[in-house]
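Written out below as structure tokens is the structure these notes cover.
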Amino acid sequence: MAIIIEPFRIKSVEPIHFTTFEQRKQILADSFYNLFLIKSDDVLIDLLTDSGTGAMSSKQWASIMLGDESYAGSPSYYKFESVMKKITGFKHIIPTHQGRAAEKIIYSILGGKGKYFVSNTFFDTTRGNIEYTGAEAYDFLTEEGKIPHVEAPFKGNIDLPSLEKFILEKGPENIPLCVMTITNNSGGGQPVSMQNMKETAVLCKKYGILFFLDACRFAENACFIKMREPSYESKSILEIAQECFQLAVGGTMSAKKDALVNIGGWLALNDNELAQQARNMLIMTEGFPTYGGLAGRDLEAMAQGLIESMDEDYLKYRLRSIEYMGEKLTAVGIPIIRPTGGHALYIDAKAFLSHIPSHHLPGVALVNELYLLGGIRGVEIGSLMFGKYDDNKAPIAPPMELVRLAIPRRVYTQTHIDYVIEKIIEVYENRRNLRGYEIIYESPLLRHFTARLKPI
Ligand SMILES: *Cc1c(COP(=O)(O)O)cnc(C)c1O
């Protein structure tokens with residue numbers, strides 16, 4: 001197997017902090033066994049999220065100095081706008097401080113009681129912004145996308161027959177918008193094929209429904225299309241991205257993902273009237289339309305980051321590095337979601353720790369042990385995050401108990417990845433000795449952020 005090398009060299013370094021096993025034991029106890037409550041300085045390899053954690057390039061740092069901080073009409077906006085127009089072709093480009101700010105604006109305009117929004121899978125902030133308006137959000141993920149061990153090239157695809165059935169049931173006039181999330185974050189960073197996007201766009205057109213992209217990972221998705229979809233292997237990432245944006249009439253993006261910045265986002269639209277309404281709202285919530293909640297320098301960094309996000313050497317290295325991790329773990333029998341996605345690796349904690357029942361939080365047992373043994377921080381996506389109670393206060397488990405290891409962009413080296421693999425295997429070999437956790441404090445909403453736990 002060919003050695004994977006980073007397609008960059010390092011100009012500025014940032015130390016990471018080593019701790020001892022004994023220290024980590026104490027840190028875990030002091031933070032009530034919840035990794036959200038520990039200090040990031042106490043983490044060696046932080047795989048909590050790929051959002052806003054990427055490393056900027058020397059060109060991005062240079063562009064920071066070019067940032068023009070004029071309140072209105074800054075050249076930094078026009079640079080950003082022109083990059084965006086080239087990639088997306090959308091007519092109106094509206095910057096926001098991050099993805100959810102763009103969502104808040106578009107769903108406040110189109111949402112409301114009695115409205116339905118449809119998607120392959122809504123990301124949680126998107127769903128939140130839709131439901132906040134009184135509207136309802138429905139996911140139509142293809143069946144194969146729901147089964148962790150099934151190998152398929154495009155497990156983020158939308159299930160078109162179920163979607164059409166739903167449209168006819170609820171009435172197309174009650175469905176303003178369909179969102180394709182690329183890649184499908186909540187479903188493991190799995191890609192959507194160009195064919196599926198094309199067919200969805202046609203279906204939406206047939207019923208007069210707007211077709212939108214949640215484009216947070218559009219470049220990673222384009223790279224998967226290039227590698228996996230017939231007739232795309234000789235197209236550039238830019239050409240594939242352009243083709244996919246052309247299918248839609250608008251979109252939102254958190255630039256903290258593929259656009260390689262630490263803060264930023266956008267809302268883009270073709271419709272003049274919608275754009276007018278969106279800009280009016282932007283002025284109230286984010287700022288003037290040529291800065292939208294960002295500094296001029298942030299717009300510069302975002303414009304440059306968007307260009308770099310489509311570099312094929314970088315994308316192939318990134319996807320390959322995560323795939324490599326998956327191969328090493330699979331080789332020793334560690335259960336993961338397959339194939340690996342674009343930004344993260346997901347371990348099936350239910351199968352990994354089959355002796356720990358859901359209500360004893362196997363995902364938490366796994367992330368905490370990874371921290372204890374290796375100083376690595378992952379995140380549980382299972383009973384702690386999504387578990388509920390029935391009327392008798394008995395816990396209801398979600399369908400899966402997962403642990404996500406999200407890979408920040410251009411931050412860790414391949415040696416760091418090898419270290420993470422080694423530590424996961426060590427935890428696996430010792431898995432029978434692991435015990436579950438119980439909750440001693442929880443908040444009524446989003447309990448995983450603040451919950452206090454106790455080992456059993
Ligand atoms: C991160 C993310 C968002 C929200 O973006 P923020 O910048 O965190 O507000 C929306 N959709 C998807 C798919 C995401 O991954």
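The values are calculated or read from the model by the stated rules, or taken from the named source; none is laboratory data. All values reported here derive from a predicted model rather than from experimental measurement. Every residue, glycine among them, receives a Cβ derived from its backbone with ideal geometry; neighbour counts consider all protein chains shown.
Odds and ends about this structure:
- Selection of first residues in the range 325-353 that are over 23 Å from residue 191 (Cα atoms) and of second residues that are of a type in the set (Val, Ile, Thr) and modelled with pLDDT under 95, restricted to Cβ pairs under 6 Å at least 6 apart or on distinct chains, gives an empty result.
- Qualifying residue in the range 399-410 (condition: more than 20 Å from residue 25 (Cα to Cα) and assigned to a helix (DSSP H, G or I)): no
- Just one of the numbered conditions (1) within 16 Å of the ligand (Cβ to nearest atom); (2) assigned to a helix (DSSP H, G or I); (3) surrounded by 20 or more Cβ atoms within 10 Å (Cβ to Cβ) is not true of residue 100: (3).
- Any hit, the range 157-172, residues being closer than 16 Å to residue 241 by Cα, at pLDDT 95 or above and more than 16 Å from the ligand (Cβ to nearest atom): no
- If the condition is being touching a strand residue (DSSP E or B) at 6+ places or on another chain (Cβ under 7 Å), in a loop (DSSP other than H, G, I, E, B), of a type in the set (A, V, I, L, M, F, W, C) and over 21 Å from residue 224 (Cα atoms), then the range 335-362 contributes only 361.
- Extreme residue, farthest from residue 184 (Cα to Cα), among residues of the range 363-392 that are among the small types (Gly, Ala, Ser) and in a helix (DSSP H, G or I): 374
- Checking each residue in the range 430-445 for being in a loop (DSSP other than H, G, I, E, B) and exposed (fewer than 12 other Cβ atoms within 10 Å of the Cβ) picks out 430, 443, 444, 445.
- Scanning the range 117-139 for residues that are away from the ligand (no atom under 16 Å from the Cβ) and surrounded by 21 or more Cβ atoms within 10 Å (Cβ to Cβ) yields one hit, 135.
- Test: residue in the range 152-159 that is of a type in the set (Lys, Arg), in the same structural domain as residue 124 (by TED's automatic domain parsing) and under 18 Å from residue 342 (Cβ atoms): yes
- Count of the range 387-420 residues which are at positive phi and surrounded by fewer than 17 Cβ atoms within 10 Å (Cβ to Cβ): 1
- Residue in the range 11-30 that is touching a strand residue (DSSP E or B) at 6+ places or on another chain (Cβ under 7 Å), part of a helix (DSSP H, G or I) and surrounded by 13 or more Cβ atoms within 10 Å (Cβ to Cβ) present: no
- Residue match in the range 224-245 (condition: assigned by TED's automatic domain parsing to the domain that holds residue 101, within 15 Å of the ligand (Cβ to nearest atom), among the β-branched types (Val, Ile, Thr) and crowded, with 16+ Cβ neighbours inside 10 Å): no
- Per-region count, the range 146-169, residues part of a loop (DSSP other than H, G, I, E, B) and among the charged types (D, E, K, R): 3
- Leading residue by the ranking (nearest to residue 293 (Cα to Cα)) among those in the range 106-123 that are under 20 Å from the mean Cα position of the chain (by Cα) and in a helix (DSSP H, G or I): 106
- Taking the range 58-86 as the range and being surrounded by 20 or more Cβ atoms within 10 Å (Cβ to Cβ) and either outside any helix (DSSP H, G or I) or under 21 Å from the mean Cα position of the chain (by Cα) (or both) as the test, the residues that pass are 74, 84.
- In the range 109-124, the residues that are closer than 19 Å to residue 275 by Cβ form Cβ pairs under 8 Å with partners that are in a loop (DSSP other than H, G, I, E, B) and not small (Gly, Ala, Ser), at six or more places apart or across chains, as follows: 110/176; 111/133; 111/176.
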